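Asker: Before I ask anything, let me first share the structure, which is written out below as structure tokens.
The values are calculated or read from the model by the stated rules, or taken from the named source; none is laboratory data. Keep in mind the model is a prediction, meaning the values are calculated, not measured. Here the Cβ positions follow ideal geometry from the backbone for every residue, glycine too, while neighbour counts run over all protein chains shown. Heavy atoms of the whole protein, side chains included, go into the accessibility calculation; ligands, DNA and RNA do not. Shrake-Rupley method; radii C 1.70, N 1.55, O 1.52, S 1.80 Å.
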Number of protein chains: 4
Amino acid sequence: MKGLAMLGIGKIGWIEKDAPKYGPLDALVRPIVVAPCTSDVHTVWEGAIGERTDMILGHESIGEVVEVGELVKDFKKGDKVIVPAITPDWGSINSQRGFPMHSGEALGGWKFSNFKDGCFAELFHVNEADANLAHLPDDVDPVAAVMLTDMTTTGFHAAELAEVKLGDTVCVIGIGPVGLNSVAGANMMGASHIYAVGSRPDCARVAKEYGATEIINYKQGDIVDQILSKTKGAGVDKVLIAGGNVDTFAQAIKMLKPGGAIGSVNYLGSGEFIKIPRIEWAVGMGHKRINAGLTPGGRVRMEKLASLVQTEKYDPSKLITHRFEGFEKMEEALLLMKDKPSDLIKPVVII
Amino acid sequence: MKGLAMLGIGKIGWIEKDAPKYGPLDALVRPIVVAPCTSDVHTVWEGAIGERTDMILGHESIGEVVEVGELVKDFKKGDKVIVPAITPDWGSINSQRGFPMHSGEALGGWKFSNFKDGCFAELFHVNEADANLAHLPDDVDPVAAVMLTDMTTTGFHAAELAEVKLGDTVCVIGIGPVGLNSVAGANMMGASHIYAVGSRPDCARVAKEYGATEIINYKQGDIVDQILSKTKGAGVDKVLIAGGNVDTFAQAIKMLKPGGAIGSVNYLGSGEFIKIPRIEWAVGMGHKRINAGLTPGGRVRMEKLASLVQTEKYDPSKLITHRFEGFEKMEEALLLMKDKPSDLIKPVVII
Amino acid sequence: MKGLAMLGIGKIGWIEKDAPKYGPLDALVRPIVVAPCTSDVHTVWEGAIGERTDMILGHESIGEVVEVGELVKDFKKGDKVIVPAITPDWGSINSQRGFPMHSGEALGGWKFSNFKDGCFAELFHVNEADANLAHLPDDVDPVAAVMLTDMTTTGFHAAELAEVKLGDTVCVIGIGPVGLNSVAGANMMGASHIYAVGSRPDCARVAKEYGATEIINYKQGDIVDQILSKTKGAGVDKVLIAGGNVDTFAQAIKMLKPGGAIGSVNYLGSGEFIKIPRIEWAVGMGHKRINAGLTPGGRVRMEKLASLVQTEKYDPSKLITHRFEGFEKMEEALLLMKDKPSDLIKPVVII
Amino acid sequence: MKGLAMLGIGKIGWIEKDAPKYGPLDALVRPIVVAPCTSDVHTVWEGAIGERTDMILGHESIGEVVEVGELVKDFKKGDKVIVPAITPDWGSINSQRGFPMHSGEALGGWKFSNFKDGCFAELFHVNEADANLAHLPDDVDPVAAVMLTDMTTTGFHAAELAEVKLGDTVCVIGIGPVGLNSVAGANMMGASHIYAVGSRPDCARVAKEYGATEIINYKQGDIVDQILSKTKGAGVDKVLIAGGNVDTFAQAIKMLKPGGAIGSVNYLGSGEFIKIPRIEWAVGMGHKRINAGLTPGGRVRMEKLASLVQTEKYDPSKLITHRFEGFEKMEEALLLMKDKPSDLIKPVVII
């Protein structure tokens, strides 16, 4: 089979591989819609997860089941499915401890385009199919649904990590596709004021549609100062980090109330330390909680997110700015993601 | 001063009283908008809280500060304020235990028209003014804001008690003014499918506007059967009880998934027992949690709710179906609440 | 193979069966220590779970691995293992929802002597061996360890369900082997006053050793009166229910503070309703939470409990009052459990 | 009245002041047992909270009520009381938000020897007496009880912040008087393995008595290496920080499992940043939570801690290594705390 692979750091190309083997609990899936992710870009061009050779890229997809192992009960050939980016080993120690996304090891639930070949292929492998696939509901557009697999779940998780409550004032740092979903997640969990930090007009527009009450443009001054000014010095209840870098946490701490919380879903690709400013962290006494983690995945997560689309509580299609048609367009879509033109939020490839 | 009082069980009338005394932490407030509550009706005509003599009614009001005690710092004569129905003694044992609404004793935070004169008067007393009053923001309509003091906070609390999460399927039993807010609260906390149980068309319309995805009319068959049918036998993640009686809990248990939760804010005025069906409660083994309690009150709660109005995340004015103008119209409004015509959700009196 | 079975309601006997088949994730285990459980007695002589024919009994065992499926990684023939009474399907919908004990359906994680043959046999089947077996540590006595599989985990779960906190005042109703573990669990989670309700002297002695500060003998008066008298009318923060029947909940509600919680692990075998007294439940407004459920199971749970034995924080051997040696003694041990002499807490059979 | 004061940074001395004024909710208390705290030492000799002039020191005391304001109900002249180091304004915004220790501002609940005169005086002032004093039970030794006011509550809070669960493996960094209480707190919340990091033999002995299973001596090698070696590379579930400095957090992160949590109660007196190592924090994806905050205070907290002493679940007297008698010995006790001889855990002064 054919796939678009990372040949090595800095290089991509089409390769031929055998179709993946699958075990009794697993499935083989053919992608019908895929989307490239910023982390594919980091993986290839920044070497974020280290060297990989001929590893097929891609972890966001809607697919059709092609084969299932003999112990798979709920899925069969031909089923249309949502395939989450995170596919845990559900019986693992860390899953039992409450952290399936870390099954096996930290981040061990993230397998596609990390430990194994991803979905930019004619076929790909899904472990524990009954637990990790979700049926695509008839009334959900597969193109919109591909956003659920990573962007939506990751963005929402920032709001979950920060435990956004009814009437909370929230700052969301970063309004790329993940951050936009953090805005939507905060809004859906009951935030009132949502200050969304970003500058690109298209993202700002979607942020507002998703519930942001104000856009904070970092080009117009220090964002901490802007937030403190808008909150009359009080700061915010919660900060969601969906962009920036290791230094973003210091800003978050400075704009947070005592007893507030940070929820971060940002993959920190470089820098030796995240530096928490001692004074503004109230000399370690201020109950400013720092929560950061990989999104949950798996079937139930996808079903819950899909139910929000079905009930029109949430519209992931707002994120999609560029559409490609045809299997071979994966490459162009990925390169677009790398180039990141100013009007790009998220491209998809319909196969 | 003049006030509309419960003279005894079954009897109301206008009485004259001295203006309330107030201590160093307290305030005297003049109502500018009030609303009668179903519990005023229960108090008078059903004797729900026992005999009371010449007790001024009313616990939902927006007011203007007339006097403050010498230790009050944040409020002064002339300030427009939101006065929550629940005004805890914040230093009490139960407040420190995390339950300020039960300060002193169970339900001890509910003082107006319960332990002391209420707001259907020319003046009324507010304990711990700095902690229990909230400034009415300039951009919030006082007529809409009077809903926040009880209807909104109580309705939302059902969703909080049940811990509604992103993508939960929820059934809300009862769509009077509290239940409508339970719908809104569930929706604002991220529910997807919201089944709202009720029959009155005006309520059903507002329920849909507040996020209900389907109306379940109990006149069209057993509600448990209807819910199980709509969920293909799975039941719902959460049931919010904002109406019915002691028998409603059995229905809720029957439609709940294992691991689901009930959040009830219904004042149970009669019946000896709430009966939990043993089999459907999974012989006491199913983790179907039962949480029920009085709404939180106080200043911060009101500020948070008001912020949801300010940011246009929530519109309490949808609840108001009848408006009266003039102090003396309190009586008419209360009698309307007693009569409960089919087009009534909530009346207000603008003074 | 040979096994001690329920032949039908009210009848037990030794039967011959084929060794169980096992799948790629499963294991076959030979018991080395087993214990009969009160629920075996209920199953057979009260028909608590309905009719069963030739079903091998027993769900508490320490064993030795005899065979493993080809996908099992962490266990091999000859390994000594702790086998929890509850062995979830870890990828199931309810497991992903946070309730693995309800995998498949309510109580679906309870398989032995319920849906499939139990451990009173020469061999028994364990599903998802890597996730459901735990290695027996060298420094843990297998005889003591058999208590962990059900008695300890179930008893502790009552304290978890009630969320016992440092300095809480707790009442534990029932001091059979499960209730004694609820005492131990409450004590290990930081309870101060622990009132243990029971009457048998041997149980009372162990209750004190496990941290009970006072024994409440129901033969000496109404237990609610006794608790309220001892707490000067305040009641307790938490009530753990590990005995009694459907009527026990009314007592629990009556002795609970506003904002308190019930944690129940009692299997309710009969009665149509659990009746919650409306007045003492503070007319549904008192935040007296009711949590009740089946114990968690699986590997990590067993490892955590075993670590408490290894570090001498908890001694399960106090529960064992009767020891039998030899496979065929299972019958005698089970009948002893049925007869329940006054000096019995828990018998074990060493094979 | 006379008091032992900080005259300025680096200088202490006895001064004369008027007795404090008190308001209607407040009390004047005469100390009967006091203890100096390391933070008194930091305050004076390191200028940790900035310049102070003629501020009376001390925030740990058992006292006798001398005067009460006219609104105080539960305390009267002559009552023996436990006075917590943290005495919140219970109606404040942050108290209502769930963080009374931050009433007014971050750390605003810490008033004694910070914002106002402390307890090293003939008389001292207590705000909101009904909410902030606790009756000293007859059966609790006042000398032991003075530990509860700060050492116990602070130490236990680390275990609460990290949410120690039954069977957790815990590392406690620092075994001074606070860290010893973190050991005790972790043990009382159900930890199994408790690795206590420290070197002084007297502290190590008490750590073992309080539940530590192993002492990790940092003089014998890197503590991260030691912990990883003892846990076979797995790391610990929770790290409690009760000593060290801003660099201690990096060690904590490195020894923590994915999904683990830090609970820190260490006052961080110097250093610009707390540095979280990016790689070991799993690139911001590992759910290694960081919780740090000032202890709760107030009446109920003290009552709960006292109940643990009454029921002999916890013995604070183990912490007391040096006893002084006489008011004027406060100076000697404070200087001893400054000198910190190797056999010192905690001194008390009995007046």
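Asker: Within the group D:Val265, D:Val349, D:Val300, which residue is away from every other protein chain (no Cβ under 14 Å), of a type outside the set (Ser, Thr, Tyr) and in contact with a helix residue (DSSP H, G or I) (Cβ under 6 Å, 6 or more places away or on another chain)?
Answerer: D:Val349
Asker: Here's another thing I want to ask about it. Might you check whether a residue that is assigned by TED's automatic domain parsing to the domain that holds A:Ile15 and in contact with a His (Cβ under 9 Å, 6 or more places away or on another chain) occurs anywhere in region A:312-323?
Answerer: No.
Asker: Could you list all residues from region C:310-333 that are over 17 Å from the mean Cα position of the chain (by Cα) and in a helix (DSSP H, G or I)?
Answerer: Across region C:310-333, the qualifying residues are C:Gln310, C:Phe327, C:Glu328, C:Lys329, C:Met330, C:Glu331, C:Glu332, C:Ala333.
Asker: Same structure, new question: Would you point out which residue out of D:Gly211, D:Gly221 is on the phi > 0 side of the Ramachandran plot and touching a residue at least 12 places away in the same chain (Cβ under 8 Å)?
Answerer: Matching residue, one of D:Gly211, D:Gly221: D:Gly211.
Asker: Here's something else I'd like to know. Would you say B:Ala282 is at positive phi and at the interface with another protein chain (Cβ under 7 Å from one of its Cβ atoms)?
Answerer: Yes, satisfied.
Asker: I'm told B:Met285 meets every condition in (1) under 23 Å from B:Asp222 (Cβ atoms); (2) at pLDDT 95 or above except one. Can you identify the failing condition by its number?
Answerer: (1)
Asker: Oh, and also: When the residues of region A:255-270 are filtered to those that are modelled with pLDDT of 95 or more and of a type in the set (Gly, Ala, Ser), which remaining residue is nearest to the chain's Cα centre (by Cα)?
Answerer: If we take residues in region A:255-270 being modelled with pLDDT of 95 or more and of a type in the set (Gly, Ala, Ser), then A:Ser264 is nearest to the chain's Cα centre (by Cα).
Asker: Taking region C:243-265, which residues are open to solvent by 20 Å² or more (accessible area, probe 1.4 Å) and farther than 18 Å from B:Gly109 by Cβ?
Answerer: Of everything in region C:243-265, those that are open to solvent by 20 Å² or more (accessible area, probe 1.4 Å) and farther than 18 Å from B:Gly109 by Cβ turn out to be C:Gly244, C:Asn245, C:Asp247, C:Gln251, C:Lys254.
Asker: Any residue that is hydrophobic (A, V, I, L, M, F, W, C), in a helix (DSSP H, G or I) and either in the same structural domain as A:Ile82 (by TED's automatic domain parsing) or under 30 Å from D:Asn266 (Cα atoms) (or both) - is there at least one of those in region A:284-296?
Answerer: No.
Asker: Considering only residues that are acidic (Asp, Glu) and touching a helix residue (DSSP H, G or I) at 6+ places or on another chain (Cβ under 8 Å), which ones fall in region B:1-60?
Answerer: B:Asp26, B:Asp40, B:Glu60
Asker: Those residues that are open to solvent by 10 Å² or more (accessible area, probe 1.4 Å) and assigned to a helix (DSSP H, G or I), I need them from region C:164-208; list them, please.
Answerer: If the condition is that a residue be open to solvent by 10 Å² or more (accessible area, probe 1.4 Å) and assigned to a helix (DSSP H, G or I), then C:Pro177, C:Val178, C:Asn187, C:Met188, C:Pro201, C:Asp202, C:Ala204, C:Arg205, C:Lys208 are the ones that fit.
Asker: Determine which member of the set A:Leu336, A:Leu344, A:Leu305, A:Leu268 is part of a loop (DSSP other than H, G, I, E, B), outside the structural domain of A:Met189 (by TED's automatic domain parsing) and hydrophobic (A, V, I, L, M, F, W, C).
Answerer: Sole residue among the options that is part of a loop (DSSP other than H, G, I, E, B), outside the structural domain of A:Met189 (by TED's automatic domain parsing) and hydrophobic (A, V, I, L, M, F, W, C): A:Leu344.
Asker: A further question on this structure: With respect to A:Ser229, determine if the residue is among the small types (Gly, Ala, Ser), assigned by TED's automatic domain parsing to the domain that holds A:Ser192, surrounded by fewer than 20 Cβ atoms within 10 Å (Cβ to Cβ) and at pLDDT below 95.
Answerer: Answer is no for this residue.
Asker: Quick check: anything in region D:6-26 within 14 Å of chain B (Cβ to nearest Cβ) and under 30 Å from A:Ile279 (Cα atoms)?
Answerer: No, that holds for no residue.
Asker: Modelled with pLDDT of 95 or more, part of a loop (DSSP other than H, G, I, E, B) and within 14 Å of chain A (Cβ to nearest Cβ) - does that describe any residue in region B:232-254?
Answerer: Yes, region B:232-254 contains a residue that is modelled with pLDDT of 95 or more, part of a loop (DSSP other than H, G, I, E, B) and within 14 Å of chain A (Cβ to nearest Cβ).
Asker: Shifting gears a bit: Regarding C:Ile276, is this residue among the aliphatic types (A, V, I, L, M), away from chain D (no Cβ under 14 Å) and buried (at least 22 other Cβ atoms within 10 Å of the Cβ)?
Answerer: It is true that C:Ile276 is among the aliphatic types (A, V, I, L, M), away from chain D (no Cβ under 14 Å) and buried (at least 22 other Cβ atoms within 10 Å of the Cβ).
Asker: Something else now. Out of the residues in region A:65-78 meeting the condition of being of a type outside the set (Val, Ile, Thr) and open to solvent by 20 Å² or more (accessible area, probe 1.4 Å), tell me which one is nearest to the other protein chains (Cβ to nearest Cβ).
Answerer: A:Leu71
Asker: Does at least one position in region B:176-195 carry a residue that is more than 14 Å from the chain's Cα centre (by Cα) and more than 14 Å from chain A (Cβ to nearest Cβ)?
Answerer: no
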